[in-house]
Amino acid sequence: MSGAEAILVFSSNADAMIATKALKDAGVPAKMIPKPAGVTSPANLCLSIDGAAETRALSALKDAGIALGGVVK
Amino acid sequence: MRLSLRTRLLGAITGAVVLIFLCSLIAARVVLGHDLNELGRTEVTNEASAFAGYVDARKQQIALLVTQEAASDALRAAMQSHNTEQLDDQLSDVTDSSGLSFLTVVDLNGRVLGRAHAPATGSLATDPIIQRALNGETPSTLVQLTPAFLQGEGLALQAGSGKGGLAVIAATPVSDTQERTIGAIYGGVLLNHSYDLVDEATRAIGGATALIDGNTIVSSSIQAPDGTRFVDAQVPRAADVVRTNEPYTGADTEGGVTYLAQIAPISDDQGHVLGASWYGIPMAQIGNIEAHTTQALVLWGIVAVVIVLALAIPTVQALSKTLVANSRHVREAAKELGVVVVGSEVSGDHVAATKRVVERSGELLSQVASEQQSEKIGELQRLNSELHGDVTVIETLAQEMSSRMRDAADRVAQLNEVAATLNELVTGEPST
């Protein structure tokens, strides 16, 4: 990763899984990780992406119709 | 016993067609029976009137004959000369050529001067017809002739010993050249056991006809069971008709055959009811029409059922096959999904076991790191931490998938039950 890590938080594990597939199809590298300590979310899974790809990631998720719970940097 | 959907569908279609057909048949029978009965009543009423017309025509024919003969110079001359032999010959010639049963000539006092087929003896002075003729009338009517009159005219045998008779008659005065009445001529046809009138009418209008004196058939074209004419029989309904002077139209059995008949009163020209005319058509004619129509309806109904089944069977078969095939696919999918669910649970167990191993490995690494510092041990700890994170993710995913698989399996199980019920419905066979 060339930039700082950004963590994408979702409202459910299912959204996290679908987001993984959407980002993969959009060519945005993403790694599924357990929810870090200190992050508040109903889901136990989050996605870790390169901070520089955040804009592309958010656009891809919007195109896929996936609701994002938040971004932790 | 459970019936398959195929059987039930075809049964329902067939039942519906048969039900519609039966309702139509019953309605047709009821309407047809009613209409035919009404048509038959109209028919017998019209034909009975026609038969009455034949009786009237015969009266007019006799009146014409008698008045023509009254104008004969030869008759007048024979009467004035009291030439009985010549009178008898002349009257006999007229009756032979015209079909009259009797033709009699009387003088001004009613004494018989000549008869066609009997000795010219006795007096008819008390006979009301003769009295009217001598008074200048020309009566033309049906009458009941007395046994004594028939005896005198030599017709007792035809009427039946000691019995009176029903006759169509006419009488008219005979005048001399100065138009003075010198006597009367009286002729007619005895209808008892005389069949010209009923046969002529029957040939023209069909059915069967009869003339009834009082309540006894004296002439008819009705055939008795033994093939002879049905005469000299009592007709109870005619007695009612004569008593009430009202016609009867309806069923009447004569000679062993039930007819749709009209029995109408017949009267003399003074309005006295003498008997009845009878006209009828066999009820079997109406029954035959109903039977033929019913047979045709039944035949076409069977044809309709066959056509409907021929169209319905392939459709039902195709529908049944489709349902069975879809049901089988659902059941197969349910089985496959069941395997996936089990596999998911087993995989989850393995992931959990792997996570425990990674956690134990991390604990041991932490212990080693606390005893001796090493770059490689630090690197190993970092890898173990990353591995633990990955295993945690995998475990979470496995749990998520397992949960969703169970939900899906529950849905498919319900679908499987629907498919099994559908299969049982279509095939009629219990699902295994």
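Could you list, in sequence order, all residues of the stretch B:411-432 that are touching a residue at least 24 places away in the same chain (Cβ under 8 Å), loosely packed, with under 13 Cβ neighbours inside 10 Å and either among the aromatic types (Phe, Trp, Tyr) or outside any helix (DSSP H, G or I) (or both)? Those that are touching a residue at least 24 places away in the same chain (Cβ under 8 Å), loosely packed, with under 13 Cβ neighbours inside 10 Å and either among the aromatic types (Phe, Trp, Tyr) or outside any helix (DSSP H, G or I) (or both): B:429, B:430.
May I ask you to verify whether residue B:37 is at pLDDT below 90 and either surrounded by 16 or more Cβ atoms within 10 Å (Cβ to Cβ) or assigned to a helix (DSSP H, G or I) (or both)? Before you say what the answer is, go through the steps one by one.
On the way: at pLDDT below 90: yes; either surrounded by 16 or more Cβ atoms within 10 Å (Cβ to Cβ) or assigned to a helix (DSSP H, G or I) (or both): yes.
For residue B:37, the condition - at pLDDT below 90 and either surrounded by 16 or more Cβ atoms within 10 Å (Cβ to Cβ) or assigned to a helix (DSSP H, G or I) (or both) - is met.
When the stretch A:40-54 is filtered for residues that are of a type in the set (A, V, I, L, M, F, W, C) and away from chain B (no Cβ under 14 Å), the ones remaining, listed by number, are A:49, A:52, A:53. Take the conditions (1) within 14 Å of chain A (Cβ to nearest Cβ); (2) surrounded by fewer than 17 Cβ atoms within 10 Å (Cβ to Cβ); residue B:375 misses just one of them, which is (1).
Just to check your reading of the model, which residue among B:369, B:353, B:312 is loosely packed, with under 12 Cβ neighbours inside 10 Å and in a helix (DSSP H, G or I)? Steps first, answer last, please.
Numbers: B:369 fails: loosely packed, with under 12 Cβ neighbours inside 10 Å; B:312 fails: loosely packed, with under 12 Cβ neighbours inside 10 Å.
The unique qualifying residue is B:353.
Selection over the stretch A:1-19 of residues that are surrounded by fewer than 20 Cβ atoms within 10 Å (Cβ to Cβ), touching a strand residue (DSSP E or B) at 6+ places or on another chain (Cβ under 7 Å) and of a type outside the set (A, V, I, L, M, F, W, C) gives a count of 3. Screening residue A:17 with (1) over 18 Å from residue B:392 (Cα atoms); (2) in a helix (DSSP H, G or I); (3) in contact (Cβ under 8 Å) with a residue 12 or more places away in the chain gives one miss only, at (1).
The rows are residues; the columns are (1) farther than 23 Å from residue B:403 by Cβ; (2) free of Cβ contacts under 8 Å to residues at least 60 places away in the same chain.
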site: A:9; (1), (2): no, no
site: A:45; (1), (2): no, yes
site: A:48; (1), (2): yes, yes
site: A:62; (1), (2): yes, yes
site: A:65; (1), (2): no, yes
site: A:73; (1), (2): yes, no
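Could you tell me whether residue B:80 is loosely packed, with under 14 Cβ neighbours inside 10 Å and in contact (Cβ under 8 Å) with a residue 24 or more places away in the chain?
Numbers: loosely packed, with under 14 Cβ neighbours inside 10 Å: no; in contact (Cβ under 8 Å) with a residue 24 or more places away in the chain: yes.
So residue B:80 does not fit the description; no.
Here is a yes/no grid of residues against (1) part of a helix (DSSP H, G or I); (2) surrounded by 13 or more Cβ atoms within 10 Å (Cβ to Cβ):
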site: B:3; (1), (2): no, no
site: B:6; (1), (2): yes, yes
site: B:15; (1), (2): yes, no
site: B:19; (1), (2): yes, no
site: B:23; (1), (2): yes, no
site: B:42; (1), (2): yes, no
site: B:64; (1), (2): yes, yes
site: B:69; (1), (2): yes, yes
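Criterion first (free of Cβ contacts under 8 Å to residues at least 40 places away in the same chain and more than 22 Å from residue B:166 (Cα to Cα)) does residue B:38 satisfy it?
Working: free of Cβ contacts under 8 Å to residues at least 40 places away in the same chain: yes; more than 22 Å from residue B:166 (Cα to Cα): yes.
Yes; evaluated as a whole, the condition is true for this residue.
Of the numbered criteria (1) within 19 Å of the chain's Cα centre (by Cα); (2) acidic (Asp, Glu); (3) closer than 30 Å to residue B:171 by Cα, the one residue B:43 fails is (3).
Among the listed residues B:361, B:320, which satisfies the condition of being surrounded by 13 or more Cβ atoms within 10 Å (Cβ to Cβ) and either within 30 Å of residue B:9 (Cβ to Cβ) or within 14 Å of chain A (Cβ to nearest Cβ) (or both)?
Numbers: B:361 fails: either within 30 Å of residue B:9 (Cβ to Cβ) or within 14 Å of chain A (Cβ to nearest Cβ) (or both).
Result: B:320 is the single residue among B:361, B:320 that is surrounded by 13 or more Cβ atoms within 10 Å (Cβ to Cβ) and either within 30 Å of residue B:9 (Cβ to Cβ) or within 14 Å of chain A (Cβ to nearest Cβ) (or both).
Among the residues examined, residue B:105 does not qualify as over 22 Å from residue B:136 (Cβ atoms) and in contact with a Leu (Cβ under 7 Å, 6 or more places away or on another chain). Of all the listed residues (B:56, B:88), the sole one being more than 24 Å from residue B:267 (Cα to Cα), among the acidic types (Asp, Glu) and assigned to a helix (DSSP H, G or I) is B:88.
Mind listing whichever residues of the stretch A:23-39 are more than 14 Å from chain B (Cβ to nearest Cβ) and not in a helix (DSSP H, G or I)?
Within the stretch A:23-39, A:27, A:28, A:29, A:38 qualify.
Out of everything in the stretch B:383-410 that is facing chain A (nearest Cβ under 8 Å) and free of Cβ contacts under 8 Å to residues at least 24 places away in the same chain, what residue ends up being farthest from residue B:333 (Cα to Cα)? First the steps, then the outcome.
Going residue by residue through the stretch B:383-410, those that are facing chain A (nearest Cβ under 8 Å) are B:389, B:392-393, B:396-397, B:400, B:404.
Those still in the list that are free of Cβ contacts under 8 Å to residues at least 24 places away in the same chain too: B:389, B:393, B:396-397, B:400, B:404.
Numbers: B:389: 35, B:393: 29, B:396: 26, B:397: 23, B:400: 21, B:404: 16 Å.
So, considering only residues that are facing chain A (nearest Cβ under 8 Å) and free of Cβ contacts under 8 Å to residues at least 24 places away in the same chain, the one farthest from residue B:333 (Cα to Cα) is B:389.
The values are calculated or read from the model by the stated rules, or taken from the named source; none is laboratory data. Because the structure is predicted, anything quoted here is derived from the model rather than measured. Heads up, the Cβs are rebuilt from the backbone with ideal geometry, glycines too, and the neighbour counts pull from every protein chain shown.
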